[in-house]
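Asks: Dropping the structure in here first, questions after.
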Amino acid sequence: MASLFSSDDGPKTLNIKLKLWVSGMAALCKPERIVWIEGSEEEKKRLEDEAVATGEVIRLNQEKLPGCFYHRTAVNDVARTENLTFICSKNKKDAGPTNNWMAPKEGYKKAGAYFKGSMKGRTMYVVPFSMGPIGSPFSKVGVELTDSIYVVLNMRIMTRVGQKVLDYLGAEGEFTKCLHSKAELDINKRLILHFPEDNTIWSVNSGYGGNVLLGKKCLSLRIASFLARQEGWLAEHMLIMGVEEPNGHVEYIAAAFPSACGKTNLAMLIPPEGLKVKGYKIWTVGDDIAWMRIDTDGGLWAINPESGFFGVAPGTNSKTNPNAVATIKKNTIFTNVLLKKDFTVWWENSDELAPSEGMDWQGRPWKPGLKDEKGNSIKAAHANSRFTTPAAQCPSISFRLEHHHGVPISAIVFGGRRAHVAPLVYESFSWQHGVYVGATMASERTAAQFGEQGEVRRDPMAMLPFCGYHMGDYFKHWLTIGQRLEKVPKIFHVNWFRLDEQGKFLWPGYGENLRILEWILDRCNKSTGAQKTPIGYVPTPDSLDMTGLHLSKENLAKLLEIDKFEWLQEMESQKEFLKTFDDKLPKEIWKEWEEQNRRLQE
Ligand code: O2Y
Ligand code: MN
């Protein structure tokens, strides 16, 4: 094994804890070499060349897609694996009923056996990274040890990496210890373990996405939510966007939607034709994660801890998200999409018609109309195929992405995918009522998802798979933050997915969603019309600007309707869900449920 500390190209850090941890993990994984990532452009080129030489990535057509690469994962390694993801807190109760739990001792032992010698003959890369601008009071440092160049190349896009992070860390700085090995990519030995009390993440036998880019879901949500509770801030599964009003003033919204509900598209929204004359502009701060703190002005301020987007490819096109299409034209890694003959890429519902031939996400020859033995059409790109792309390349990126104090949040928006029940938009009565609205958020399963279609799944604050501790304590933490805030953001709920009797969407979505954001921000400034209902305030029909949108009065009424019968059923379903948190559910949430139930019965 290479010398750890003495060589010229070794680490330039005085952090003893870091050096000892790296040497300890190297003793366990037994890599051939250890390479410290310093973050330069020359290093990036070296890594790319090496990854191309080993076949880990394919260099794409550099004329058409400069700086772009292609990667395929193992066939059984295509998405986050929630069933193999554990919170290893000392006490089982601290993980709560929504997480898988494993005792820390058992976790270290079980995964330790898989890590043992897993990097023999391989390089261990040491990736120091910062979530958030380096040196911001919001930011956290992590160090990921990995045997995958693909992970290193992705981490370089999604986070700030290298020597500058080590310099900031200094001799005494704290960091999250992130250990990853592809090992044998054996799904039967795959484990994604979080040890919140040790500020540690261990991920083994996976090579893809949220399982291995440990700065993302593992650190920025599961570990960060645990730290945020201790330190008095919020780590949330939220996009952050700025809406620039016609007078040049920008207001910021943070919004939580369950995975695969269009957060990236909303964060990069382009104003619809009808509203263009008003001169609105959208600024993207983040598409997935928000870290929010109470600042000295008593308001809630947010940063996006990431520096890239890891977006779903299928369905990304010039209609759904023109800004994403522009962002991914260069310096992007495409994973599990179709590789075309000219070394460009394609996916279902992109701007181009399907090519006459190509290699699919599994590396098999593909052409349009290809069917499997059951007669189902074979997809060219996997449904969860993705692009990893620098946020700085997005035409709508906000310069505030790099601001150490982030952006002030005027409104928090929760959203679900409901065919019925939830109206297009409503405003909660108070922060406490808003926390109850977020805690009972739900979506219905679509035909594309595994399981019974239409089944309601609760996903509080869109954090169900990502909260690193007991969600009852998490709701309590939200309530405490509300008590500390002097300038309290209003909390809203939206549902873009309501259907008519024929099963057609009532709301057009996409850029038209700005009409709803406009109403939300007007409500924050208390200037616009709303009617009180048992569940909150909904827009009066004339308070929404519908210029240029051909939506009948009847359909608008249906979108805003509160059906008491449906809602009373919804309340029963919510009650069953809330009961699962047992004695940990804050009494304030029960009180909000009871009051809403009473209002609906009146
Ligand atoms: O499947 C994966 O590994 C990625 S999941 C993901 C990626 C980007 C943003 N959000 C998500 C999510 O599951 O919420
Ligand atoms: Mn997400």
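The values are calculated or read from the model by the stated rules, or taken from the named source; none is laboratory data. In this text the structure is predicted, and so the values were computed from the model without any measurement. As a convention, Cβ positions derive from the backbone with ideal geometry for all residues, glycine included, and neighbour counts pool all protein chains shown. Remember, those area values only see protein heavy atoms, side chains included, never the ligands or the DNA or RNA. Shrake-Rupley method; radii C 1.70, N 1.55, O 1.52, S 1.80 Å.
Asks: Would you say Arg190 is touching a strand residue (DSSP E or B) at 6+ places or on another chain (Cβ under 9 Å) and open to solvent by 10 Å² or more (accessible area, probe 1.4 Å)?
Replies: So Arg190 does not fit the description; no.
Asks: Take Phe334 and tell me if it is out of contact with any helix residue (DSSP H, G or I) (no Cβ under 7 Å at 6 or more places or on another chain), farther than 30 Å from Ile412 by Cα and assigned to a loop (DSSP other than H, G, I, E, B).
Replies: The answer is no for Phe334.
Asks: Taking strands (runs of 3 or more DSSP E) that do not extend beyond the stretch 411-519, which have at least 1 residues that are small (Gly, Ala, Ser) and at pLDDT 95 or above?
Replies: Filter on the stretch 411-519 gives 442-444.
Asks: Which numbered condition in (1) closer than 26 Å to Gly135 by Cα; (2) more than 12 Å from ligand 1 (Cβ to nearest atom) is the only one that Gly210 fails?
Replies: Of everything listed in (1) closer than 26 Å to Gly135 by Cα; (2) more than 12 Å from ligand 1 (Cβ to nearest atom), Gly210 misses just condition (2).
Asks: Next up: (1) open to solvent by less than 10 Å² (accessible area, probe 1.4 Å); (2) more than 20 Å from Val78 (Cα to Cα); (3) within 19 Å of the chain's Cα centre (by Cα): which one isn't true of Gly162, the others all being true?
Replies: Failing condition for Gly162: (3).
Asks: Check off (1) modelled with pLDDT of 95 or more; (2) among the basic types (Lys, Arg); (3) surrounded by fewer than 12 Cβ atoms within 10 Å (Cβ to Cβ) for Lys12 and give me the number that stays unchecked.
Replies: With respect to (1) modelled with pLDDT of 95 or more; (2) among the basic types (Lys, Arg); (3) surrounded by fewer than 12 Cβ atoms within 10 Å (Cβ to Cβ), Lys12 is out only on (1).
Asks: Quick one: Thr284 ticks every box in (1) of a type outside the set (Asp, Glu); (2) within 16 Å of ligand 2 (Cβ to nearest atom); (3) not in a strand (DSSP E or B) bar one, so which box is it?
Replies: (3)
Asks: Could you give every pair whose Cβ atoms fall below 6 Å, whose first residue belongs to the stretch 210-227 and is under 18 Å from Thr388 (Cβ atoms), and whose second residue is away from ligand 2 (no atom under 13 Å from the Cβ) and assigned to a helix (DSSP H, G or I), counting only separations of at least 6 or pairs across chains?
Replies: Filtered contacts from the stretch 210-227: Val212/Val151; Leu213/Asn154.
Asks: Here are some conditions: (1) within 16 Å of ligand 1 (Cβ to nearest atom); (2) open to solvent by 20 Å² or more (accessible area, probe 1.4 Å). Ile294 meets all but one. Which one does it not meet?
Replies: (1)
Asks: Now for a separate question. Is there any pair linking a residue in the stretch 527-550 that is under 11 Å from Glu427 (Cβ atoms) to one that is aliphatic (A, V, I, L, M) and open to solvent by 30 Å² or more (accessible area, probe 1.4 Å), with Cβ under 8 Å and at least six apart or on different chains, and which?
Replies: Thr533/Ile562; Ile535/Ile562; Tyr537/Ala530; Val538/Ala530; Val538/Ile562; Pro539/Ala530
Asks: Being open to solvent by less than 40 Å² (accessible area, probe 1.4 Å) and more than 16 Å from ligand 2 (Cβ to nearest atom), is that true of even one residue in the stretch 258-271?
Replies: Yes: the stretch 258-271 contains one or more residues that are open to solvent by less than 40 Å² (accessible area, probe 1.4 Å) and more than 16 Å from ligand 2 (Cβ to nearest atom).
Asks: Suppose the filter is touching a Gly at 6+ places or on another chain (Cβ under 6 Å) and basic (Lys, Arg); does Lys584 pass it?
Replies: yes
Asks: Would you mind telling me which numbered condition in (1) more than 14 Å from ligand 1 (Cβ to nearest atom); (2) without any contact (Cβ under 8 Å) to a residue 60 or more places away in the chain Ala260 fails?
Replies: Result: Ala260 fails condition (1) only.
Asks: Sort out which residues of the stretch 507-520 are open to solvent by less than 30 Å² (accessible area, probe 1.4 Å) and farther than 16 Å from Ser430 by Cα, and write them in order of number.
Replies: Matches in the stretch 507-520: Trp507, Gly509, Gly511, Asn513, Leu514, Arg515, Ile516, Leu517, Glu518, Trp519.
Asks: Any chance the stretch 249-257 includes a residue that's touching a His at 6+ places or on another chain (Cβ under 9 Å), closer than 18 Å to Gly438 by Cβ and at pLDDT below 95?
Replies: No.
Asks: Mind telling me which of the residues Leu221, Leu185 ends up being part of a helix (DSSP H, G or I), touching an Asp or Glu at 6+ places or on another chain (Cβ under 9 Å), within 16 Å of ligand 1 (Cβ to nearest atom) and among the aliphatic types (A, V, I, L, M)?
Replies: The conditions single out Leu221.
Asks: Among the residues of the stretch 208-231 satisfying the criterion of being away from ligand 2 (no atom under 13 Å from the Cβ) and hydroxyl-bearing (Ser, Thr, Tyr), which is surrounded by the most Cβ atoms within 10 Å (Cβ to Cβ)?
Replies: So, considering only residues that are away from ligand 2 (no atom under 13 Å from the Cβ) and hydroxyl-bearing (Ser, Thr, Tyr), the one surrounded by the most Cβ atoms within 10 Å (Cβ to Cβ) is Tyr208.
Asks: Checking Pro246 against (1) buried (at least 22 other Cβ atoms within 10 Å of the Cβ); (2) more than 14 Å from ligand 1 (Cβ to nearest atom), which test does it fail?
Replies: (1)
Asks: Further, regarding this structure: Run down Glu144, Glu174 and say which single residue is out of contact with any Asp or Glu (no Cβ under 9 Å at 6 or more places or on another chain) and either of a type in the set (Phe, Trp, Tyr) or surrounded by fewer than 18 Cβ atoms within 10 Å (Cβ to Cβ) (or both).
Replies: Glu174
Asks: Please go through the stretch 587-601 and pick out each residue that is of a type in the set (Lys, Arg) and either more than 18 Å from Asp563 (Cβ to Cβ) or surrounded by 17 or more Cβ atoms within 10 Å (Cβ to Cβ) (or both).
Replies: If the condition is that a residue be of a type in the set (Lys, Arg) and either more than 18 Å from Asp563 (Cβ to Cβ) or surrounded by 17 or more Cβ atoms within 10 Å (Cβ to Cβ) (or both), then Lys587, Lys591 are the ones that fit.
Asks: I need a count of the residues in the stretch 297-310 that are outside any loop (DSSP other than H, G, I, E, B), within 14 Å of ligand 2 (Cβ to nearest atom) and open to solvent by less than 10 Å² (accessible area, probe 1.4 Å).
Replies: Within the stretch 297-310, residues that are outside any loop (DSSP other than H, G, I, E, B), within 14 Å of ligand 2 (Cβ to nearest atom) and open to solvent by less than 10 Å² (accessible area, probe 1.4 Å) number 2.
Residue-wise test of (1) more than 14 Å from Pro460 (Cα to Cα); (2) in a helix (DSSP H, G or I); (3) in contact with a helix residue (DSSP H, G or I) (Cβ under 7 Å, 6 or more places away or on another chain).
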site: Glu566; (1), (2), (3): yes, yes, no
site: Met571; (1), (2), (3): yes, yes, yes
site: Lys575; (1), (2), (3): no, yes, yes
site: Leu578; (1), (2), (3): no, yes, yes
site: Asp583; (1), (2), (3): yes, yes, no
site: Glu588; (1), (2), (3): yes, yes, yes
site: Lys591; (1), (2), (3): yes, yes, no
site: Glu595; (1), (2), (3): yes, yes, no
site: Arg599; (1), (2), (3): yes, yes, no
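Asks: Pairs under 9 Å by beta carbon, first residue closer than 21 Å to Ala442 by Cβ and not assigned by TED's automatic domain parsing to the domain that holds Phe577 in the stretch 458-487, partner surrounded by fewer than 24 Cβ atoms within 10 Å (Cβ to Cβ) and of a type in the set (Gly, Ala, Ser), six or more apart or different chains?
Replies: Every condition considered, no pair remains.
Asks: Oh, and also: Which of the residues that make up the stretch 139-164 are of a type in the set (A, V, I, L, M) and either touching a His at 6+ places or on another chain (Cβ under 6 Å) or touching a residue at least 60 places away in the same chain (Cβ under 8 Å) (or both)?
Replies: If the condition is that a residue be of a type in the set (A, V, I, L, M) and either touching a His at 6+ places or on another chain (Cβ under 6 Å) or touching a residue at least 60 places away in the same chain (Cβ under 8 Å) (or both), then Val143, Leu145, Ile149, Val151, Val152, Leu153, Met155, Ile157, Met158, Val161 are the ones that fit.
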